[in-house]
Amino acid sequence: MKEKRKEKTSQEKERETEAILAELQMLAEIRKTHEWAAVGQQEAQNLEQAEKELEAPEAKSKRKGGSKIRKEAKVTDDELTELLDTAIYKEIAAQAYYLAGQKKTQDPGARALMSELADEELKHAELLKNLKDKGIARRDWHPEKVPDLRISEYLSGSDTLQDAGLQDTLASAIKREELSVGFYSRMMGVLRGDLAKRLCERLVREELKHKFKLETLYDDLFYGGN
């Protein structure tokens, strides 16, 4: 389904720029947190190095094996933190996208859907924050098969919700979920820690479930009876 694109006015471009800047500001806050964490890690490493230099040779020999294990554990913890921070940011950015979209259209159906989508993204962000605060238990993992209607392959969702109707909003939301699935799927090939990879799998399934829900609604509303 092809959609005609309207020429963007200067006001529309300005609003989109403001939205992008808002998202970049949120990302900057996350990066700032990481920078402070890096400073603390460097100070800890300096202290550890100073302690090593004061140790006797035999003590250093005993520590050598354990050092590798601690290093691998640190890499896994860092990956999980980075992944969770990225996922939380993406959910917050998605929520902001739908909240802003409600002000860009007068279509009651589209506005109601955007409100529901914003609430869903907020719930996802809170779930991820809870995982970060309380830790990830291995027993929480329950792999499941998620259906895929593949409707997204036939849609060309717009990059703006300006004057969007219900169909436009659904198409845009479905395409965004498709992008998230692709993002986390690629991340699995980059991460080294087993727990981080399994978290990525979980995030992929969550995005697929959200995508399936939206595609089912799209199918019922616009393909039903065809």
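Tabulated data for the structure shown
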{"item": "When residues of region 89-120 are limited to those that are buried (at least 20 other Cβ atoms within 10 Å of the Cβ) and among the small types (G, A, S), the one farthest from A196 (Cα to Cα)", "result": "A110"}
{"item": "In region 93-121, the residues that are touching a helix residue (DSSP H, G or I) at 6+ places or on another chain (Cβ under 6 Å) and closer than 17 Å to V204 by Cα", "result": "A94, E121"}
{"item": "Any hit, region 178-187, residues being under 21 Å from S115 (Cβ atoms) and either surrounded by 14 or more Cβ atoms within 10 Å (Cβ to Cβ) or among the β-branched types (V, I, T) (or both)", "result": "yes"}
{"item": "Number of positions in region 189-226 that are over 13 Å from the mean Cα position of the chain (by Cα) and over 25 Å from Y98 (Cβ atoms)", "result": "12"}
{"item": "Qualifying residue in region 153-176 (condition: on the phi > 0 side of the Ramachandran plot and in contact (Cβ under 8 Å) with a residue 12 or more places away in the chain)", "result": "yes"}
{"item": "Test result for T86, more than 24 Å from V181 (Cα to Cα), surrounded by 16 or more Cβ atoms within 10 Å (Cβ to Cβ) and either hydroxyl-bearing (S, T, Y) or at pLDDT below 95 (or both)", "result": "no"}
{"item": "Residues of region 195-221 classified as over 28 Å from L131 (Cα atoms), touching a residue at least 24 places away in the same chain (Cβ under 8 Å) and out of contact with any helix residue (DSSP H, G or I) (no Cβ under 6 Å at 6 or more places or on another chain), total", "result": "4"}
{"item": "Residue within region 174-194 that is touching a helix residue (DSSP H, G or I) at 6+ places or on another chain (Cβ under 9 Å), within 18 Å of T105 (Cβ to Cβ), aliphatic (A, V, I, L, M) and part of a helix (DSSP H, G or I) present", "result": "yes"}
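Residues checked against (1) closer than 21 Å to S115 by Cβ; (2) among the hydrophobic types (A, V, I, L, M, F, W, C); (3) modelled with pLDDT of 95 or more; (4) assigned to a helix (DSSP H, G or I):
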position	(1), (2), (3), (4)
D148	no, no, no, no
S152	no, no, no, yes
Q167	yes, no, no, yes
K197	no, no, no, yes
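The values are calculated or read from the model by the stated rules, or taken from the named source; none is laboratory data. Given the structure is predicted, the values throughout are model-derived calculations rather than measurements. Here the Cβ is made from the backbone with ideal geometry for all residues, glycine too, and neighbour counts use every protein chain on show.
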